[in-house]
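Everything below concerns the one structure shown next.
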Amino acid sequence: MAEQFDVVVIGAGPAGYHAAIRAAQLGMKVACIDAALGKDGKPALGGTCLRVGCIPSKALLDSSRQFWNMGHIFGDHGISFKDAKIDVEAMIGRKDKIVKQFTGGIAMLFKANKVTAYYGFATLHADRLVKVKQHDGSEVELTGTNVIIAAGSDSIELPFAKFDGETIVDNVGALDFTEVPKRLAVIGAGVIGLELGSVWKRLGAEVVILEALPDFLAAADAEASKTALKEFKKQGLDIRLGAKVSKAEVTGKGKKKEVVLSFADKDGEQTITVDKLLVAVGRKAASKGLLAEGSGVKLTDRGQIEVDAHCHTGVDGVWAIGDCVRGPMLAHKGFEEGVAVAELIAGLPGHVNFDTIPWVIYTEPEIAWVGKTEQQLKDEGIPYKAGSFPFAANGRAVAMSEPAGFVKVLAHAETDRVLGMHLVGANVSELVHEGVLTMEFSGSADDLARICHAHPSLSEVIHDAAMAVEKRAIHKAN
Ligand code: FAD
Ligand code: NAD
């Protein structure tokens, strides 16, 4: 006999655990199932984000940033030292401890909120019956008045560069190298390629990034991409645009394994030999084995679970959220969808505003944006004004030896309403939320310009950029 729940959630990543906890807060009887195991072979909740995504990558970005700063910024402050060394095992150990703390934290939150966790692989059948194959081989059956699918995503594999977990890796392997590779190639200059490429570059690897498209970070504002690319090149990241990789051949044995990569770019056919290859060409919805015949849930032609604007699949009581559905593959987009669906199930208004979802790339400098780019505004024929201001003219940024980048505010030419904010620079992962808040409250560039910002602070760059929209920035010639 299947156990009956108000809500059964498949997947305990950012989307799933938010949905489960919010539904439980609203008084529902909730089960949440997750198949993932941690590095120690034990069940680990939290999804890609906590195990092999957002959190571990930020842990390594921070360790490698400290190391890089020793060689590149400490000298400015008059600090010298001898023989800086990186202990990769200790760095990975620190990252693993953080991951354990946070994945364990989700288990505690489930207990505190009385969410019943099941550890195993779930398949959705007709009539919201969910069969769970547990790790010990046993099977349990659950039914939900509502089922929320939050199965997440997996790395896309290239047919000629199959992951072997050692020499050709995805994010999982690149977060766990046991030593700094002498030469690392990355296929894909997207978010993962840039973040994890930066980690190993800062620790001493020679890093070449091969990007198929002719434009760098095509989704970002063109001026932001251009500024970031210049900074990355200064750091020694070798980014080749318009590079079509056709072959990746592993040669040698044991520690002598190498990958010979063949690619073509504007300079013609080339080969390079590296010690490790990271393939980071995007992610695809994780739907393998998830839907039994008769579940009624449909996939789109991109393999994502089909949903409407409210994350409903069209099958009575079945919803889907997070990376396995349309929209950006971001943890915070999944958080919001999880909460919104739990609230919709409870009869409350639940909604996610896709227009104000911030993007952050945690490189050095960081890149962040919210809303429309200049290119989008032009394409959509929306009249706009732009104001920008460089970090190089901001006292706090210069005092921190972080002068790179700028903030640009885009506002409607007639109403002055903020339509987008684009930032490259130190701590812009935090600063972008001034743009998010302004846009959520339908604020104008003038509102931002008239709000008192503490001095000296990096946030003054936003203040000056907003003032520059009407050519009245104080700290630069307009
Ligand atoms: P997931 O986190 O993928 O979780 C889905 C869970 O469902 C998994 O635990 C999986 O085991 C489980 N599951 C799947 N199918 C089944 C099944 N049939 N039965 C049982 N369990 C199942 N996003 C950001 O916003 N900021 C970042 O800084 C960031 N950094 C990232 C860095 C890396 C290296 C990567 C790879 C991703 C990063 N992301 C980041 C993206 C972010 O991790 C995802 O957008 C987010 O994890 C998606 O959440 P989700 O809940 O939809 O899916
Ligand atoms: P991505 O979509 O960001 O970048 C993939 C890149 O690979 C693109 O530039 C694409 O043009 C390129 N590419 C595709 N096929 C190629 C090929 N055959 N040869 C060369 N280049 C090729 O994907 P990702 O970096 O794998 O990351 C996946 C997703 O994870 C991201 O879209 C993002 O949603 C999420 N993520 C977010 C963060 C963050 O928020 N800071 C960090 C990491 C990952």
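In a shell of Cβ-Cβ distance under 12 Å around Gly294, excluding Gly294 itself, what net charge do Lys and Arg (+1) and Asp and Glu (-1) give?
Working: positive: Arg128; negative: Asp127, Glu293.
For residues surrounding Gly294, the net value is -1.
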Shape category assigned to the chain from the gyration tensor of Cα positions, a/c cut at 1.5: oblate
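Kindly provide the helix-only [θ] at 222 nm of the chain, computed as the sum of -39,500 (n - 2.57) over DSSP H runs of four or more divided by all residues, to the nearest 500 deg cm²/dmol? Each step should come with its number before you reach the end.
Details: 13 runs with 145 residues, N = 478.
Result for the chain: -9000 deg cm²/dmol, rounded to the nearest 500.
Please give me, ordered by residue number, the trypsin sites (Lys or Arg not before Pro) of the range 423-478 that lie in loop per DSSP and have at most 11 other Cβ atoms within 10 Å. Show your work: numbers first, answer last.
On the way: sites: Arg450, Lys471, Arg472, Lys476; in loops: Lys471, Arg472, Lys476.
Sparse-neighbourhood loop trypsin sites (Lys or Arg not before Pro): Lys471.
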Prolate/oblate/rounded label for the range 168-281 (Cα gyration tensor, a/c 1.5): oblate
DSSP loop GluC sites (Glu not before Pro) with at most 10 other Cβ within 10 Å: longest gap in the chain: 1-292
Cα centroid of the range 354-418 to Cα centroid of the range 256-323, whole Å: 30 Å
Accessible surface of Asp355 - all protein chains present, 1.4 Å probe, nearest 10 Å²: 110 Å²
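Give the calculated FRET efficiency between Glu470 and Met1 to the nearest 0.05, with a Förster radius of 60 Å applied to their Cβ-Cβ distance.
0.30
Report the FRET efficiency, 1/(1 + (r/R0)^6), for Ser457 and Ala218, where r is their Cβ-Cβ distance and R0 is 51 Å, rounded to 0.05. Intermediate values should be presented prior to the final figure.
Working: r = 32 Å, r/R0 = 0.62.
E(calc), rounded to 0.05, equals 0.95.
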FRET efficiency estimate (nearest 0.05) - Cβ-Cβ, Asp136 to Leu437, R0 35 angstrom: 0.15
Length-normalised contact order of the chain in % [C-alpha pairs under 8 Å, at least 6 apart]: 15 percent
Share of carbon and sulfur in the accessible heavy-atom surface of the chain [1.4 Å probe, %]: 54 percent
Phi-based couplings in Hz for the range 378-394 (Karplus 6.51, -1.76, 1.60; Gly and Pro marked x): 5, 4, 8, x, 8, x, 9, 10, 10, x, 9, 8, x, 5, 5, 9, 10
Order of exposure, largest accessible area first, which applies to Thr178, Thr271 with probe 1.4 Å: Thr178, Thr271
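Based on the alpha-carbon gyration tensor of the range 276-369 and its eigenvalue square roots a ≥ b ≥ c, which shape applies: rounded if a/c is under 1.5, prolate if not and a/b is larger than b/c, or oblate? Could you put the intermediate results ahead of the total?
Numbers: a/c = 2.91, a/b = 1.30, b/c = 2.24.
Taking the square roots of the gyration eigenvalues as a ≥ b ≥ c, the range 276-369 is oblate.
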Exposed chymotrypsin sites (Phe, Trp or Tyr not before Pro) absent - longest run of the chain, DSSP non-H/G/I/E/B, at most 15 other C-beta within 10 Å: 161-440
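DSSP loop trypsin sites (Lys or Arg not before Pro) in the range 295-345 with at most 13 other Cβ atoms within 10 Å of their Cβ, which ones? Walk me through the numbers on the way to the answer.
Values: sites: Lys298, Arg302, Arg326, Lys333; in loops: Lys298, Arg302, Arg326.
Hits after loop and neighbour filter: Lys298, Arg302.
The values are calculated or read from the model by the stated rules, or taken from the named source; none is laboratory data. From a predicted model like this one, the values you see are computed outputs, not experimental measurements. When we count neighbours, we look across all protein chains shown, and the Cβ atoms used for this are built from the backbone with ideal geometry, even at glycine. Protein only, heavy atoms only, side chains kept; ligands, DNA and RNA dropped before computing areas. Shrake-Rupley method; radii C 1.70, N 1.55, O 1.52, S 1.80 Å.
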